[in-house]
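Reading through the C-alpha coordinates given below for one structure.
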Amino acid sequence: MRRIAVLTSGGDSPGMNAAIRAVVRYGIEKGFTIYGVERGFEGLIDGAFIQMDRRSVGDILQRGGTILKTARSERFKTPEGKVRAAQNLETFQIETLIVIGGEGSMNGALELSKEHGIKVICIPGTIDNDLAYTDTTIGFDTAVNTVLDAITRIRDTSSAHDRTTIIEVMGRQSGDIALYSALAGGAEYVLVPEVEADFNDLCRKIIEGKNNRRQHSVIIKAEGYPMDSSELTTQLAQRTGKDIRLVVLSYLQRGGSPSFHDRMLATECGVKAVTLAEEEISGKAIGTVGGNIVAFDLEDALKIEPVFNQELYDNIGILSK
Ligand code: F6P
(Lines give C-alpha, C1' and ligand atoms only; values in the text may rest on other atoms or scores of the structure.)
Protein backbone atom coordinates (compact mmCIF):
# COMPACT_ATOMS: atom_id res chain seq x y z
CA MET A 1 0.00 0.00 0.00
CA ARG A 2 1.41 3.42 -0.98
CA ARG A 3 1.64 5.87 1.89
CA ILE A 4 1.58 9.65 2.19
CA ALA A 5 2.21 11.67 5.37
CA VAL A 6 0.96 15.22 5.76
CA LEU A 7 1.91 17.83 8.36
CA THR A 8 1.38 21.53 9.09
CA SER A 9 4.30 23.59 10.32
CA GLY A 10 5.15 27.14 11.48
CA GLY A 11 2.44 29.71 12.17
CA ASP A 12 -1.02 28.32 11.41
CA SER A 13 -3.04 29.97 8.68
CA PRO A 14 -6.74 29.84 7.76
CA GLY A 15 -7.13 27.24 5.03
CA MET A 16 -4.61 24.73 6.36
CA ASN A 17 -7.50 22.44 7.35
CA ALA A 18 -8.97 22.70 3.86
CA ALA A 19 -5.61 21.57 2.44
CA ILE A 20 -5.40 18.62 4.89
CA ARG A 21 -8.93 17.58 3.96
CA ALA A 22 -8.11 17.64 0.25
CA VAL A 23 -4.90 15.61 0.74
CA VAL A 24 -6.67 13.00 2.86
CA ARG A 25 -9.80 12.54 0.76
CA TYR A 26 -8.15 12.80 -2.65
CA GLY A 27 -5.27 10.63 -1.48
CA ILE A 28 -7.60 7.86 -0.24
CA GLU A 29 -9.52 8.07 -3.52
CA LYS A 30 -6.25 7.47 -5.37
CA GLY A 31 -5.45 4.41 -3.27
CA PHE A 32 -3.00 5.90 -0.76
CA THR A 33 -2.95 5.29 2.97
CA ILE A 34 -2.70 8.74 4.56
CA TYR A 35 -0.99 9.57 7.84
CA GLY A 36 -1.33 12.91 9.60
CA VAL A 37 1.75 13.95 11.59
CA GLU A 38 0.93 16.03 14.67
CA ARG A 39 2.81 19.25 15.58
CA GLY A 40 4.79 19.57 12.38
CA PHE A 41 8.45 18.56 12.39
CA GLU A 42 8.25 18.02 16.17
CA GLY A 43 5.79 15.19 15.58
CA LEU A 44 7.96 13.83 12.79
CA ILE A 45 10.80 13.50 15.30
CA ASP A 46 8.52 12.01 17.99
CA GLY A 47 6.80 9.60 15.61
CA ALA A 48 3.37 11.21 16.10
CA PHE A 49 1.77 9.56 13.07
CA ILE A 50 -2.00 9.02 12.96
CA GLN A 51 -3.76 7.18 10.19
CA MET A 52 -6.46 9.38 8.69
CA ASP A 53 -9.73 8.34 7.11
CA ARG A 54 -12.37 10.30 5.22
CA ARG A 55 -14.32 11.00 8.41
CA SER A 56 -11.29 12.25 10.32
CA VAL A 57 -11.33 15.36 8.12
CA GLY A 58 -15.11 15.88 8.28
CA ASP A 59 -16.41 19.34 9.21
CA ILE A 60 -12.99 21.05 9.04
CA LEU A 61 -13.10 22.78 5.64
CA GLN A 62 -14.54 25.93 7.18
CA ARG A 63 -12.38 25.95 10.32
CA GLY A 64 -9.25 28.03 10.93
CA GLY A 65 -6.23 26.65 12.80
CA THR A 66 -5.05 23.14 11.98
CA ILE A 67 -6.43 19.85 13.26
CA LEU A 68 -2.91 18.40 13.01
CA LYS A 69 -1.55 21.17 15.25
CA THR A 70 1.63 23.00 14.39
CA ALA A 71 4.95 24.01 15.91
CA ARG A 72 8.20 25.80 15.20
CA SER A 73 10.67 22.97 15.83
CA GLU A 74 14.12 23.82 17.18
CA ARG A 75 15.04 20.12 17.37
CA PHE A 76 14.48 19.69 13.65
CA LYS A 77 17.23 22.25 12.99
CA THR A 78 19.78 19.81 14.45
CA PRO A 79 21.29 16.93 12.39
CA GLU A 80 20.06 14.44 15.04
CA GLY A 81 16.51 15.79 14.76
CA LYS A 82 16.49 15.36 11.00
CA VAL A 83 17.92 11.83 11.27
CA ARG A 84 15.11 10.85 13.70
CA ALA A 85 12.51 12.38 11.41
CA ALA A 86 13.88 10.51 8.39
CA GLN A 87 14.02 7.25 10.36
CA ASN A 88 10.39 7.61 11.43
CA LEU A 89 9.31 8.23 7.85
CA GLU A 90 11.14 5.05 6.86
CA THR A 91 9.60 3.08 9.75
CA PHE A 92 6.11 4.13 8.70
CA GLN A 93 7.05 3.38 5.06
CA ILE A 94 6.05 6.84 3.91
CA GLU A 95 6.60 7.36 0.22
CA THR A 96 5.89 11.11 0.08
CA LEU A 97 5.78 13.76 2.80
CA ILE A 98 3.46 16.72 2.18
CA VAL A 99 4.45 19.82 4.16
CA ILE A 100 1.96 22.68 4.56
CA GLY A 101 3.71 25.81 5.83
CA GLY A 102 5.73 28.90 5.09
CA GLU A 103 9.30 29.54 4.03
CA GLY A 104 10.98 28.03 7.12
CA SER A 105 8.92 24.86 6.83
CA MET A 106 9.68 24.56 3.13
CA ASN A 107 13.40 24.94 3.84
CA GLY A 108 13.07 22.13 6.40
CA ALA A 109 11.39 19.93 3.80
CA LEU A 110 14.13 20.73 1.28
CA GLU A 111 16.82 19.69 3.79
CA LEU A 112 15.02 16.39 4.45
CA SER A 113 14.91 15.70 0.74
CA LYS A 114 18.52 16.70 0.04
CA GLU A 115 20.14 15.17 3.11
CA HIS A 116 17.99 12.05 3.53
CA GLY A 117 16.43 11.42 0.12
CA ILE A 118 12.86 11.88 1.38
CA LYS A 119 10.26 12.66 -1.29
CA VAL A 120 8.63 15.98 -0.37
CA ILE A 121 5.91 18.20 -1.76
CA CYS A 122 5.21 21.63 -0.23
CA ILE A 123 1.98 23.60 0.00
CA PRO A 124 2.27 27.34 0.84
CA GLY A 125 0.47 27.94 4.14
CA THR A 126 1.20 31.28 5.78
CA ILE A 127 -0.72 34.51 6.31
CA ASP A 128 2.44 36.50 5.49
CA ASN A 129 2.34 36.00 1.69
CA ASP A 130 6.13 36.04 1.69
CA LEU A 131 6.72 33.23 -0.82
CA ALA A 132 7.56 34.98 -4.07
CA TYR A 133 7.05 32.00 -6.41
CA THR A 134 3.28 31.99 -5.87
CA ASP A 135 0.62 34.69 -6.43
CA THR A 136 -0.64 34.24 -2.88
CA THR A 137 -0.28 31.89 0.07
CA ILE A 138 -3.04 30.06 1.92
CA GLY A 139 -4.38 32.30 4.69
CA PHE A 140 -3.26 35.65 3.32
CA ASP A 141 -6.64 36.56 1.84
CA THR A 142 -8.48 35.68 5.07
CA ALA A 143 -5.97 37.61 7.19
CA VAL A 144 -6.31 40.73 5.03
CA ASN A 145 -10.11 40.47 5.21
CA THR A 146 -9.85 40.26 9.00
CA VAL A 147 -7.69 43.40 9.05
CA LEU A 148 -10.17 45.18 6.75
CA ASP A 149 -12.99 44.35 9.13
CA ALA A 150 -10.92 45.77 11.99
CA ILE A 151 -10.13 48.96 10.03
CA THR A 152 -13.82 49.50 9.33
CA ARG A 153 -14.72 49.15 12.99
CA ILE A 154 -11.83 51.27 14.21
CA ARG A 155 -12.61 53.99 11.66
CA ASP A 156 -16.14 54.36 13.14
CA THR A 157 -14.89 55.11 16.62
CA SER A 158 -11.80 57.00 15.55
CA SER A 159 -13.91 59.35 13.40
CA ALA A 160 -16.39 59.83 16.25
CA HIS A 161 -13.55 60.98 18.51
CA ASP A 162 -11.38 62.74 15.89
CA ARG A 163 -8.53 60.39 16.64
CA THR A 164 -5.66 58.95 14.67
CA THR A 165 -5.24 55.22 15.12
CA ILE A 166 -2.16 53.14 14.42
CA ILE A 167 -3.15 49.56 13.65
CA GLU A 168 -0.27 47.11 13.99
CA VAL A 169 -0.62 44.06 11.76
CA MET A 170 1.48 40.91 11.41
CA GLY A 171 4.46 40.51 9.12
CA ARG A 172 7.98 40.48 10.54
CA GLN A 173 9.78 40.43 7.20
CA SER A 174 6.98 41.03 4.75
CA GLY A 175 4.77 44.12 4.59
CA ASP A 176 2.13 42.49 2.38
CA ILE A 177 -0.64 42.26 4.99
CA ALA A 178 -0.03 45.93 5.83
CA LEU A 179 0.24 47.05 2.21
CA TYR A 180 -2.86 45.33 0.87
CA SER A 181 -5.07 46.08 3.86
CA ALA A 182 -3.96 49.73 3.83
CA LEU A 183 -4.85 50.12 0.16
CA ALA A 184 -8.15 48.23 0.34
CA GLY A 185 -9.02 49.77 3.71
CA GLY A 186 -8.34 53.37 2.62
CA ALA A 187 -5.66 53.96 5.25
CA GLU A 188 -3.90 57.31 5.24
CA TYR A 189 -0.44 55.86 5.73
CA VAL A 190 1.35 52.52 5.75
CA LEU A 191 4.59 51.50 7.41
CA VAL A 192 6.28 48.36 6.08
CA PRO A 193 9.67 46.72 6.69
CA GLU A 194 10.57 47.12 2.99
CA VAL A 195 10.46 50.95 2.97
CA GLU A 196 12.06 53.40 5.35
CA ALA A 197 9.34 55.98 5.92
CA ASP A 198 9.96 59.68 6.45
CA PHE A 199 8.72 60.56 9.95
CA ASN A 200 8.22 64.23 9.01
CA ASP A 201 6.14 63.18 6.03
CA LEU A 202 3.96 61.03 8.29
CA CYS A 203 3.48 63.92 10.74
CA ARG A 204 2.68 66.30 7.87
CA LYS A 205 0.08 63.89 6.53
CA ILE A 206 -1.72 63.81 9.89
CA ILE A 207 -1.57 67.59 10.32
CA GLU A 208 -2.61 68.26 6.71
CA GLY A 209 -5.54 65.90 7.16
CA LYS A 210 -6.61 67.89 10.17
CA ASN A 211 -6.41 71.16 8.22
CA ASN A 212 -8.25 69.54 5.36
CA ARG A 213 -11.29 68.79 7.50
CA ARG A 214 -10.19 65.17 7.90
CA GLN A 215 -10.36 64.74 11.63
CA HIS A 216 -9.25 61.15 11.87
CA SER A 217 -6.57 59.02 10.21
CA VAL A 218 -5.71 55.36 10.11
CA ILE A 219 -2.08 54.29 9.93
CA ILE A 220 -1.32 50.64 9.21
CA LYS A 221 2.01 49.50 10.60
CA ALA A 222 3.55 46.09 9.92
CA GLU A 223 5.07 44.52 13.05
CA GLY A 224 8.40 44.28 11.19
CA TYR A 225 8.67 48.03 10.62
CA PRO A 226 11.81 48.91 12.57
CA MET A 227 10.25 51.13 15.22
CA ASP A 228 8.40 50.00 18.31
CA SER A 229 4.67 50.71 17.94
CA SER A 230 4.23 52.25 21.41
CA GLU A 231 7.24 54.49 20.81
CA LEU A 232 5.80 55.56 17.46
CA THR A 233 2.46 56.36 19.09
CA THR A 234 4.12 58.54 21.74
CA GLN A 235 6.34 60.35 19.25
CA LEU A 236 3.51 61.03 16.80
CA ALA A 237 1.30 62.40 19.58
CA GLN A 238 4.09 64.73 20.71
CA ARG A 239 4.88 66.00 17.21
CA THR A 240 1.31 66.48 15.92
CA GLY A 241 -0.60 67.33 19.08
CA LYS A 242 -3.21 64.77 17.99
CA ASP A 243 -4.93 62.11 20.06
CA ILE A 244 -3.16 58.99 18.78
CA ARG A 245 -4.23 55.46 19.75
CA LEU A 246 -2.58 52.10 19.11
CA VAL A 247 -4.40 48.85 18.28
CA VAL A 248 -2.32 45.68 17.94
CA LEU A 249 -4.30 43.04 16.04
CA SER A 250 -1.82 40.25 16.67
CA TYR A 251 -3.21 36.67 16.60
CA LEU A 252 -6.71 37.86 15.70
CA GLN A 253 -5.38 37.84 12.13
CA ARG A 254 -4.43 34.17 12.20
CA GLY A 255 -7.78 32.81 13.35
CA GLY A 256 -11.18 32.59 11.71
CA SER A 257 -12.93 30.76 8.95
CA PRO A 258 -10.98 30.76 5.67
CA SER A 259 -12.28 32.93 2.83
CA PHE A 260 -13.54 31.52 -0.48
CA HIS A 261 -10.14 32.33 -2.04
CA ASP A 262 -8.19 30.48 0.66
CA ARG A 263 -10.48 27.44 0.60
CA MET A 264 -10.10 27.20 -3.17
CA LEU A 265 -6.33 27.63 -3.10
CA ALA A 266 -5.92 25.12 -0.26
CA THR A 267 -8.16 22.54 -1.89
CA GLU A 268 -6.48 22.83 -5.28
CA CYS A 269 -3.01 22.65 -3.72
CA GLY A 270 -4.00 19.53 -1.75
CA VAL A 271 -5.29 17.79 -4.86
CA LYS A 272 -2.20 18.78 -6.86
CA ALA A 273 0.11 17.48 -4.12
CA VAL A 274 -1.51 14.05 -4.24
CA THR A 275 -1.39 14.04 -8.05
CA LEU A 276 2.37 14.69 -7.92
CA ALA A 277 2.83 11.96 -5.29
CA GLU A 278 0.91 9.55 -7.51
CA GLU A 279 3.34 10.31 -10.33
CA GLU A 280 6.25 9.85 -7.90
CA ILE A 281 7.33 13.46 -8.47
CA SER A 282 9.24 15.00 -5.56
CA GLY A 283 10.90 18.28 -4.53
CA LYS A 284 8.05 20.57 -5.61
CA ALA A 285 6.47 23.71 -4.19
CA ILE A 286 2.88 24.16 -5.29
CA GLY A 287 1.42 27.60 -5.90
CA THR A 288 -0.46 29.69 -8.42
CA VAL A 289 0.67 31.93 -11.24
CA GLY A 290 -2.05 34.04 -12.83
CA GLY A 291 -4.56 31.95 -10.91
CA ASN A 292 -3.37 28.64 -12.36
CA ILE A 293 -2.00 25.87 -10.14
CA VAL A 294 1.67 25.20 -10.83
CA ALA A 295 4.43 23.08 -9.28
CA PHE A 296 7.85 24.73 -9.05
CA ASP A 297 11.14 23.09 -8.28
CA LEU A 298 11.29 23.54 -4.48
CA GLU A 299 14.88 24.75 -4.31
CA ASP A 300 14.39 27.23 -7.16
CA ALA A 301 11.12 28.47 -5.69
CA LEU A 302 12.81 29.28 -2.37
CA LYS A 303 15.52 31.27 -4.13
CA ILE A 304 13.08 33.71 -5.73
CA GLU A 305 13.36 37.05 -3.94
CA PRO A 306 10.06 38.78 -3.11
CA VAL A 307 9.55 41.98 -5.09
CA PHE A 308 7.92 44.75 -3.10
CA ASN A 309 5.01 46.38 -4.93
CA GLN A 310 6.16 50.00 -4.85
CA GLU A 311 3.30 51.14 -7.07
CA LEU A 312 0.68 49.98 -4.56
CA TYR A 313 2.66 51.66 -1.80
CA ASP A 314 2.76 54.97 -3.69
CA ASN A 315 -0.92 54.75 -4.53
CA ILE A 316 -1.90 54.56 -0.87
CA GLY A 317 -0.49 58.07 -0.44
CA ILE A 318 -2.19 59.38 -3.58
CA LEU A 319 -5.61 57.87 -2.89
CA SER A 320 -5.78 58.98 0.72
CA LYS A 321 -5.09 62.69 0.05
O1 F6P B 1 4.48 33.41 10.09
C2 F6P B 1 3.24 33.93 10.37
C3 F6P B 1 3.26 34.85 11.56
O4 F6P B 1 1.91 35.03 11.92
C5 F6P B 1 3.96 36.18 11.38
O6 F6P B 1 3.21 37.13 10.70
C7 F6P B 1 4.24 36.56 12.80
O8 F6P B 1 5.30 37.47 12.88
C9 F6P B 1 4.59 35.24 13.42
O10 F6P B 1 3.90 34.26 12.66
C11 F6P B 1 4.22 35.08 14.87
O12 F6P B 1 4.66 33.84 15.28
P13 F6P B 1 4.36 33.12 16.66
O14 F6P B 1 3.10 32.34 16.48
O15 F6P B 1 5.52 32.21 16.85
O16 F6P B 1 4.23 34.20 17.69
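Observations on the structure shown:
- Going by accessible surface with a 1.4 Å probe and the largest first, MET1, MET227 read MET1, MET227.
- Estimated FRET transfer efficiency (ARG72, LEU148; beta-carbon r; R0 25 Å; 0.05): 0.35
- Rounded to whole Å, sorted largest first: equivalent-ellipsoid semi-axes of the stretch 219-267, Cα gyration tensor: 33, 11, 9
- When the listed pairs LYS77/LYS221; LYS114/LYS303; LYS69/LYS114 are checked against a 21 Å cut-off, the alpha-carbon distance exceeds it for LYS77/LYS221; LYS69/LYS114.
- Amide H partners (placed H, <5 Å) of THR288, local residues excluded: ASP135, THR136, VAL294
- Per residue, the chain exposes an accessible area of 44 Å² to a 1.4 Å probe, with every protein chain left in place.
- Accessible surface of the stretch 25-85, 1.4 Å probe, proportion on carbon and sulfur as whole %: 49
- Distant-in-sequence amide contacts of ILE166, defined by a placed amide H-H separation under 5 Å and a gap of 5 or more residues or a different chain, comprise ILE219, ARG245, LEU246, VAL247.
- Length released on extending from GLN62 to ASN315, taking residue separation times 0.36 nm less the Cα-Cα span: 87.7 nm
- Percent of beta bridges antiparallel (DSSP, the chain, rounded to nearest 5): 25
- Using a probe radius of 1.4 angstrom, the carbon and sulfur fraction of the accessible surface of the stretch 155-263 is 46%.
- Across all directions, the shadow cast by the convex hull of the stretch 168-279 built on its C-alpha atoms averages 9.0 square nanometres.
- Full-extension gain in nm, ALA160 to ILE50, via 0.36 nm per residue minus C-alpha separation: 34.3 nm
- Nonlocal amide H pairs with ARG3, under 5 Å, H built at 1.01 Å: THR33, GLU95, THR96
- Span-like helix ranges in the chain, DSSP H, alpha carbon extent 24 angstrom or more, Kyte mean at least 0.0: 140-160, 260-278
- Measuring gaps between exposed loop sites in the chain (GluC sites (Glu not before Pro); DSSP loop; at most 11 other Cβ atoms within 10 Å), the longest gap, sites not included, is 75-195.
- Solvent exposure of THR233, expressed as accessible area, is near 20 Å², computed with a probe of 1.4 Å over the protein chains only.
- The phi-based Karplus calculation (6.51 cos²θ - 1.76 cosθ + 1.60; θ = phi - 60°) puts the 3J(HN,Hα) values of the stretch 287-301 at x, 10, 10, x, x, 9, 6, 9, 10, 9, 4, 4, 5, 5, 4 Hz, whole numbers, x for Gly and Pro.
- For the stretch 123-130, the Karplus equation 6.51 cos²θ - 1.76 cosθ + 1.60, evaluated at θ = phi - 60°, returns couplings of 10, x, x, 6, 6, 6, 6, 9 Hz by residue, with Gly and Pro reported as x.
- Here the label points at LEU246 and ASP198, each 7 Å from Cα along the C-beta direction, are separated by 2.5 nm in the simple model.
The values are calculated or read from the model by the stated rules, or taken from the named source; none is laboratory data. None of the values given here were measured: they were computed from a predicted structure. Here Cβ is always computed from backbone atoms with ideal geometry, including for glycine, and neighbour counts include all displayed protein chains. Side chains included, ligands, DNA and RNA excluded: accessible areas come from the protein's heavy atoms. Shrake-Rupley method; radii C 1.70, N 1.55, O 1.52, S 1.80 Å.
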